[in-house]
Amino acid sequence: MPLRLRERSLAFRASSDTFASCHAATLLALPEGRLLLACFAGSGEGKDDSAIWLALRGPGGWETPRRLFAEAGLPHWNPVLHADGVRLLLFYKVGADVQRWTTRVSESQDGGESWSAPRPLVAGDARPRGPVKNKLLALENGDWLAPNSVEAATAWDASVDISTDRGAHWQLAPVPLAHPAATAPPADTASRWPGLAAQQLWENDPARVFSWDGVIQPSLWQSGPERVHMLLRSTRGTIYRSDSADAGRHWCAAYATDLPNNNSGLDLVRADGALVLACNPVRGNWGRRTPLALLASADNGASWPERFVVKDGEGEFSYPAIVTDGTSLHLAYTIDRRAIAYAHFELAPWAP
């Protein structure tokens with residue numbers, strides 16, 4: 001897909017008087033060219049002082065980020081923004097670690113300037129509900145599909161949380177996946193993401209980290225009245241995929257694609273008749289999180305012949321969030337856990 005890079009900037013940057021680490025951006029395009037971007041930030045992933053931070057982009061650029069939700073002694077994680085007309089929703093996780101987090105939601109009626117008191121998304125449910133990292137998909141029939149997943153002690157499994165009443169109630173639809181017996185960590189450490197050695201993950205025991213198996217953090221798109229699809233982060237060296245023929249109520253067993261994956265986050269959006277996927281095209285469980293690239297598909301994800309490298313070189317350029325406003329692509333991603341970068345691309349006509 002022909003893309004023209006219009007701008008690069010930093011929406012969040014670590015400093016001595018704000019936070020030392022930030023990660024897991026979510027992005028929302030608003031009317032009149034405005035953008036909202038949220039992430040979690042604090043002294044590190046899973047730390048007691050981590051909170052949800054928000055930044056607004058207007059005509060003059062990015063405004064100063066502000067801490068939105070925080071609770072002493074309770075780590076905050078993975079915000080996800082969604083627009084329902086003028087009503088904006090912000091979902092995020094709270095919990096001591098990823099295996100014990102639950103979901104909260106807050107609402108704004110004034111473009112993100114003020115937010116309601118957060119509440120549990122599904123009261124009394126101890127597992128994470130709603131979106132876990134990537135944006136919701138609003139189907140043509142009005143249903144909302146939230147890409148969901150659970151990271152248990154060894155098994156990672158994906159699902160979709162479905163709402164037919166604009167977020168008032170939710171129903172889970174699992175994605176089948178068989179898990180093999182546990183395996184030992186690979187001996188090769190040279191190609192690993194350096195963040196493991198730097199203890200940037202909430203869990204730092206390699207034996208536990210490499211015992212996790214499965215798929216998480218789906219990214220969704222619709223190709224027909226009842227046909228919905230997802231791509232998934234995996235521990236198995238490639239991006240996985242699952243498909244539904246009944247608007248997300250049932251899913252086929254997740255299966256491997258030819259797309260490499262380093263067990264790091266991805267996101268996609270439909271733009272100008274094509275799918276645009278943001279990811280690290282790197283093969284290997286806990287592989288390096290560089291480069292960050294955009295891949296394009298004109299055949300519903302069967303092939304991805306177009307590639308645009310967003311950021312390359314040493315470091316971490318990861319966890320993309322990508323949206324479109326119809327004429328542009330807006331991309332946010334993590335840089336070395338110390339900044340959230342923003343890139344604005346102008347769309348040129350797609351010619352398969």
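Structure above, values below:
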read-out	value
Subset of region 164-182 (residues that are at pLDDT below 95, under 18 Å from residue 216 (Cβ atoms) and out of contact with any Ser or Thr (no Cβ under 8 Å at 6 or more places or on another chain))	180
Positions within region 164-190 being within 28 Å of residue 290 (Cα to Cα), out of contact with any Phe, Trp or Tyr (no Cβ under 9 Å at 6 or more places or on another chain) and not hydrophobic (A, V, I, L, M, F, W, C), in sequence order	188, 189
Scan of region 73-114 for residues that are under 14 Å from residue 126 (Cβ atoms) and free of Cβ contacts under 8 Å to residues at least 60 places away in the same chain, ordered by number	93, 94, 95, 96, 99, 100, 101, 102, 103, 104
Test: residue 285 is within 21 Å of residue 135 (Cα to Cα), touching a residue at least 12 places away in the same chain (Cβ under 8 Å) and assigned to a loop (DSSP other than H, G, I, E, B)	no
Filter result for the condition that a residue is closer than 30 Å to residue 107 by Cβ, out of contact with any Ser or Thr (no Cβ under 7 Å at 6 or more places or on another chain) and not hydrophobic (A, V, I, L, M, F, W, C), over 161, 205, 143, 188	161
The one condition in (1) part of a loop (DSSP other than H, G, I, E, B); (2) surrounded by fewer than 19 Cβ atoms within 10 Å (Cβ to Cβ) that residue 67 fails to fulfil	(1)
Some residue of region 139-156 being farther than 26 Å from residue 40 by Cβ and part of a strand (DSSP E or B)	no
Test: residue in region 313-321 that is more than 29 Å from residue 214 (Cβ to Cβ), of a type in the set (Phe, Trp, Tyr) and under 19 Å from the mean Cα position of the chain (by Cα)	no
Strands (runs of 3 or more DSSP E) completely within region 179-279 that count 3 or more residues being of a type in the set (Ser, Thr, Tyr) and closer than 28 Å to residue 296 by Cβ	238-244
Identity of the residue in region 208-224, among the polar types (S, T, N, Q) and crowded, with 23+ Cβ neighbours inside 10 Å, that ends up farthest from residue 178 (Cα to Cα)	219
Residue in region 153-172 that is surrounded by 21 or more Cβ atoms within 10 Å (Cβ to Cβ) and of a type in the set (Asp, Glu) present	yes
Region 22-43, subset crowded, with 20+ Cβ neighbours inside 10 Å and not aliphatic (A, V, I, L, M), residue nearest to residue 131 (Cα to Cα)	26
Qualifying residue in region 293-302 (condition: part of a loop (DSSP other than H, G, I, E, B), crowded, with 23+ Cβ neighbours inside 10 Å and in contact with a strand residue (DSSP E or B) (Cβ under 6 Å, 6 or more places away or on another chain))	no
Hits in region 90-138 (condition: of a type in the set (A, V, I, L, M), under 20 Å from residue 162 (Cβ atoms) and part of a loop (DSSP other than H, G, I, E, B))	121, 122, 123, 126, 132, 136
Unmet requirement for residue 160, which otherwise passes all of (1) assigned to a strand (DSSP E or B); (2) within 16 Å of residue 93 (Cβ to Cβ)	(2)
Selection from region 183-199 of residues that are within 22 Å of residue 232 (Cα to Cα) and either of a type in the set (A, V, I, L, M) or modelled with pLDDT of 90 or more (or both)	192, 193, 195, 196
Unmet criterion (only one of (1) in a loop (DSSP other than H, G, I, E, B); (2) of a type outside the set (Lys, Arg); (3) touching a residue at least 40 places away in the same chain (Cβ under 8 Å); (4) in contact with a Ser or Thr (Cβ under 9 Å, 6 or more places away or on another chain)) for residue 38	(1)
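Per-residue answers, yes or no, for (1) under 21 Å from residue 271 (Cβ atoms); (2) not hydrophobic (A, V, I, L, M, F, W, C):
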residue: 9; (1), (2): yes, yes
residue: 19; (1), (2): no, no
residue: 25; (1), (2): yes, no
residue: 32; (1), (2): yes, yes
residue: 36; (1), (2): yes, no
residue: 40; (1), (2): no, no
residue: 45; (1), (2): no, yes
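The values are calculated or read from the model by the stated rules, or taken from the named source; none is laboratory data. Quick caveat, the model's predicted, so the values are computed rather than measured. As a convention, Cβ positions derive from the backbone with ideal geometry for all residues, glycine included, and neighbour counts pool all protein chains shown.
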